[in-house]
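Please treat every number below as a calculation from the coordinates, not as lab data. Just so we're clear, the structure is a prediction, and the values are computed from it rather than from any experiment. Don't worry about glycine lacking a Cβ; one is built from the backbone with ideal geometry, like all the others, and counts go over all protein chains shown.
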Amino acid sequence: MIRQNQMIYLDNAATSFPKPESVCLAVDKAMREACGNPGRSGHRLSLAAGRLVEEARLLCANLFHARSANEIIFTHNATAALNLGVKGAVGPGDHIITSTLEHNSVARPLYYLEQAGAEVTKIPTDIHNGLDPDDVKRALRPNTKLVVCAHISNVTGTVSDIAAIGSFCRQNGLLFMADAAQSAGAAPIDVQSMNIDLLAFPGHKGLLGPQGTGGLYIREGVRLNPLIQGGTGSRSESLLQPEDPPEKFESGTLNTPGLAGLAAGIRFLLEQGINEIQRKENTLTKRLIEGIRDIRGIHIIGPGPDRRRGSVVSIRLDAASPGEAALMLDAAFGIAVRSGLHCASDAHRAAGTLESGGTVRISPGCMNTLEDIEACLAALRICALA
Ligand SMILES: Cc1ncc(COP(=O)(O)O)c(C=O)c1O
């Protein structure tokens, strides 16, 4: 078993590690004591599973300030939520506006929709400032239906002002979907005050839950077609998919142990306070960036420490390719980071790092310490000389 003290894990943008002990215990307890099929049978194991799922739903709703728990539906990851959001909302002839900082979980479904007759505008996006609401305004067409963008880029840590974009969308009758893959759990999100219609979130990154969890906030009143139909445990006499959320979007057996873990992850975050988590991650990221700036031969790709930014730091080294540098950090120093394109080729095109192998991405999380950052900086000083 890999313990935290055997490695320094700085790949939290991919998935968070380690998970709080309470998350591991909640998964174990659910597996042993509540692994009936939620919402299906009337026996105690099924009812216990159903309670765990509804607890997780309520916690997500509270975290994102949804009006009701039924505005949260569970998926297996953020990708499934993003696919449901864009494909469920848009049809042939509709126009979608997005940024050039998007992950492939947005860029690929949009390309798919474009092939199927939708129109897509990708706004060239500044890697320091994020998607500009004025550019969204300029891109507007009579058939614009949806604006979708990442809250925080997983390549550069760039923050887009989703409250300003949401406000513009609401005033103009457009749907607004935010990809909170890098911000859920790491920054406060209020779907009501930010005018977000659809919010896709992973359970396994900043929310500290197990892999295989995620979800979509769907504002009550937003019309969305489900991508799959099937058993929901309700209205089984009808061949029609139920019309009411969450069943409308949750056909098939849910990941009860995963959702029990997700609930424990959110409880952990709420105990610490999201603002406190954000403050901690900002401190770690600021120190990381300032330390890297003092190393000759290493360049930061993205906003500096004084801007509003996420805890995702991309760098390039003069002395080694991103792949070589990541390998060296792991093999020689026990430091886990990610190299390459991070599933976001558009973002690398915007950053100018597409043709040269991408970047090394260092992503501290709330379980990291300043000692981890200093150890990473010491290792980078050596890598820069390689
Ligand atoms: C910005 C962004 N969007 C979407 C995703 C997809 O998340 P998931 O792996 O939960 O599907 C990621 C994953 O890294 C991401 O960084």
**OP:** Subtracting the Cα-Cα distance from 0.36 nm times the residue separation, let me have the gained length for Glu355 to Glu271 in nm, one decimal.
**Re:** 25.9 nm
**OP:** Before anything else, pin down the relative contact order of the chain: Cα pairs under 8 Å, at least 6 apart, normalised by residue count, whole percent.
**Re:** 23 percent
Original post:
Going 7 Å from the Cα of Ala332 toward and past its Cβ, which residues in the stretch 342-379 have a backbone nitrogen under 14 Å from where you end up?
Top reply: 376-379
Original post:
If you stretched the chain out fully between Asp318 and Thr253, how much longer would it get, using 0.36 nm times the residue separation minus the C-alpha to C-alpha distance?
Top reply: 18.4 nm
**OP:** Enumerate the lysines that Lys29 could reach by cross-link, defined here as Cα to Cα under 18 Å, with residues fewer than 8 away along the same chain left out.
**Re:** Lys19
Original post:
PRE reach from Ala116 (point 7 Å along Cα→Cβ): which of the stretch 145-164 fall under 16 Å by backbone N?
Top reply: 145-146
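For the stretch 309-350, rounded, prolate or oblate, judged on the Cα gyration tensor with a ≥ b ≥ c (square roots of eigenvalues), a/c < 1.5 rounded, else prolate if a/b > b/c? List each step's numbers first, then the result.
On the way: a/c = 2.12, a/b = 1.61, b/c = 1.32.
Prolate is the answer for the stretch 309-350, as a/c is 1.5 or above and a/b outweighs b/c.
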**OP:** Please give the calculated 222 nm ellipticity per residue for the chain, where each DSSP H segment of at least 4 residues contributes -39500 (n - 2.57) and the sum is spread over every residue; nearest 500 deg cm²/dmol?
**Re:** -12000 deg cm²/dmol
Subject >> Cα convex hull of the stretch 262-386, projected area averaged across orientations, nm² >> reply: 8.2 nm²
Original post:
For Ala378 and Leu25, what does the FRET efficiency come to when R0 = 45 Å and r is the distance between their Cβ atoms, rounded to the nearest 0.05?
Top reply: 0.85
Original post:
Can you list the residues, at least 5 places off or on another chain, whose amide H is less than 5 Å from the amide H of Ser339, using H built in the peptide plane?
Top reply: Arg361
Original post:
Under the Kirkwood approximation applied to all pairs of distinct alpha-carbon atoms, what is the hydrodynamic radius of the chain in Å?
Top reply: 21.4 Å
Original post:
What FRET efficiency would be calculated for the residue pair Asn62, Arg141, taking the C-beta separation as r and a Förster radius of 25 Å, to the nearest 0.05?
Top reply: 0.10
**OP:** Considering only Ala332, Ala164, Ala350, give the residue with the highest GNM mean-square fluctuation for the chain, with springs between Cα atoms whenever their separation is below 10 Å.
**Re:** Ala332
Original post:
How long is the gain from Asp134 to Ala163 if the chain were fully straight, where each residue apart is worth 0.36 nm and the alpha carbon distance is subtracted?
Top reply: 9.1 nm
Original post:
What angle do you read, to the nearest 10 degrees and between 0 and 90, between the alpha-carbon axis of helix 104-115 and the longest principal axis of the chain?
Top reply: 60 degrees
**OP:** Treat every Asp and Glu Cβ in the chain as -1 and every Lys and Arg Cβ as +1, leave all other atoms uncharged, and give the resulting dipole magnitude about the Cα centre to the nearest 20 debye.
**Re:** 160 debye
Subject >> Candidate lysines for bridging to Lys87, where Cα separation is under 25 Å - those fewer than 8 sequence places away on the same chain excluded >> reply: Lys122, Lys137, Lys145, Lys205, Lys248
Subject >> Spherically averaged projected area in nm², based on the convex hull that wraps the Cα atoms of the stretch 285-354 >> reply: 5.0 nm²
**OP:** Taking amide H positions as placed in the peptide plane 1.01 Å from N, state which residues far from Ile123 in sequence (5 or more) or on other chains have amide H under 5 Å from it.
**Re:** Thr98, Ser99, Thr100
